[in-house]
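A short write-up of the structure that comes next.
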Amino acid sequence: MGFRLILEGEEDLHIVGEASDGAQAVRLVRDLKPDVVLMDVRMPVLDGIEATRAITASGSCARIIILTTFDVDEYAFAGLQAGASAFLLKDVAPSDLVNAVRVVASGDAVVAPRVTQRLLETYVRGAAVPAPSAAPRDSLLEDLTPRETEMLEAMAEGLSNAEIAHRYFLSEATVKTHVRRILTKLHLRDRVQAVVYAYETGLVVPSNPDY
């Protein structure tokens, strides 16, 4: 109810549905075709992770934001693996909630990219992912140009488009073009899924043991 009141106060945001459990959420997304879904993890009938997986598997274009209690949370990681575009803490400030919905709807950026990176590093390390030399290389990576591979690695570091542009002396428009091509070639929904992909395929490995 609190989130609804915050979002309904914005002229450009409209609440089209509200579900009391995960199964109902899947049905509502199918029927109402929202742009963004705020998904709680702990729900009856079907939890938020499985609901997220079902929505993304259905081919829905909805972007999903997982709501979690802790910034490094196994549920948040599972949500990203299931196809969520981002996650937010439940005590998020109203202005940050509104901004997150707009950012995820645009598809251009990841909410709190370095927090997402920290989450991935924590759980990829915990899963004992093999070293890049031992990991099976996804054949789709061969379709990327050397520049696109650099862009993917930079995205996995948590760099924004502006930061990538500065590092490689490119315009932001050029970076956005590279990002779109990477997502198309790897058959990924958005850039946070590209970050998950980079870790899971061993292209990028956890580097900071203090995370």
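The values are calculated or read from the model by the stated rules, or taken from the named source; none is laboratory data. Small disclaimer: the values here were computed from a predicted structure and weren't measured. As a convention, Cβ positions derive from the backbone with ideal geometry for all residues, glycine included, and neighbour counts pool all protein chains shown. Areas reflect the complete protein model, heavy atoms only, side chains present, ligands, DNA and RNA absent. Shrake-Rupley method; radii C 1.70, N 1.55, O 1.52, S 1.80 Å.
Among the numbered criteria (1) among the hydrophobic types (A, V, I, L, M, F, W, C); (2) open to solvent by less than 30 Å² (accessible area, probe 1.4 Å); (3) not in a helix (DSSP H, G or I), which single criterion is violated by C61?
Checking C61 against (1) among the hydrophobic types (A, V, I, L, M, F, W, C); (2) open to solvent by less than 30 Å² (accessible area, probe 1.4 Å); (3) not in a helix (DSSP H, G or I), the one that fails is (2).
Suppose we filter segment 72-106 for residues that are touching a strand residue (DSSP E or B) at 6+ places or on another chain (Cβ under 6 Å), part of a loop (DSSP other than H, G, I, E, B) and farther than 23 Å from H187 by Cβ; how many remain?
1
In this structure, does V175 turn out to be modelled with pLDDT under 90, open to solvent by less than 10 Å² (accessible area, probe 1.4 Å) and out of contact with any Asp or Glu (no Cβ under 9 Å at 6 or more places or on another chain)?
no
Filter segment 15-29 for residues that are modelled with pLDDT under 95 and charged (D, E, K, R); which is most open to solvent (accessible area, probe 1.4 Å)?
E18
Of (1) in a helix (DSSP H, G or I); (2) open to solvent by 10 Å² or more (accessible area, probe 1.4 Å); (3) within 20 Å of A23 (Cα to Cα); (4) modelled with pLDDT under 90, L67 satisfies all except one. Which?
(1)
Would you point out the residue of segment 183-196, among those that are open to solvent by 10 Å² or more (accessible area, probe 1.4 Å) and more than 11 Å from the chain's Cα centre (by Cα), that is farthest from S58 (Cα to Cα)?
Looking at the filtered set, the residue picked out is K185.
With respect to L89, is the statement that it is under 21 Å from E10 (Cα atoms), among the aliphatic types (A, V, I, L, M) and open to solvent by 50 Å² or more (accessible area, probe 1.4 Å) true?
Values: under 21 Å from E10 (Cα atoms): yes; among the aliphatic types (A, V, I, L, M): yes; open to solvent by 50 Å² or more (accessible area, probe 1.4 Å): yes.
So L89 fits the description; yes.
How many residues, within segment 30-51, are in a helix (DSSP H, G or I) and out of contact with any strand residue (DSSP E or B) (no Cβ under 6 Å at 6 or more places or on another chain)?
So the count comes out to 6.
Rundown of residues vs (1) open to solvent by 70 Å² or more (accessible area, probe 1.4 Å); (2) modelled with pLDDT under 85; (3) among the polar types (S, T, N, Q), yes/no style:
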residue	(1), (2), (3)
E148	no, no, no
G158	no, yes, no
A165	no, no, no
R181	yes, no, no
Y199	no, yes, no
G202	no, yes, no
P209	yes, yes, no
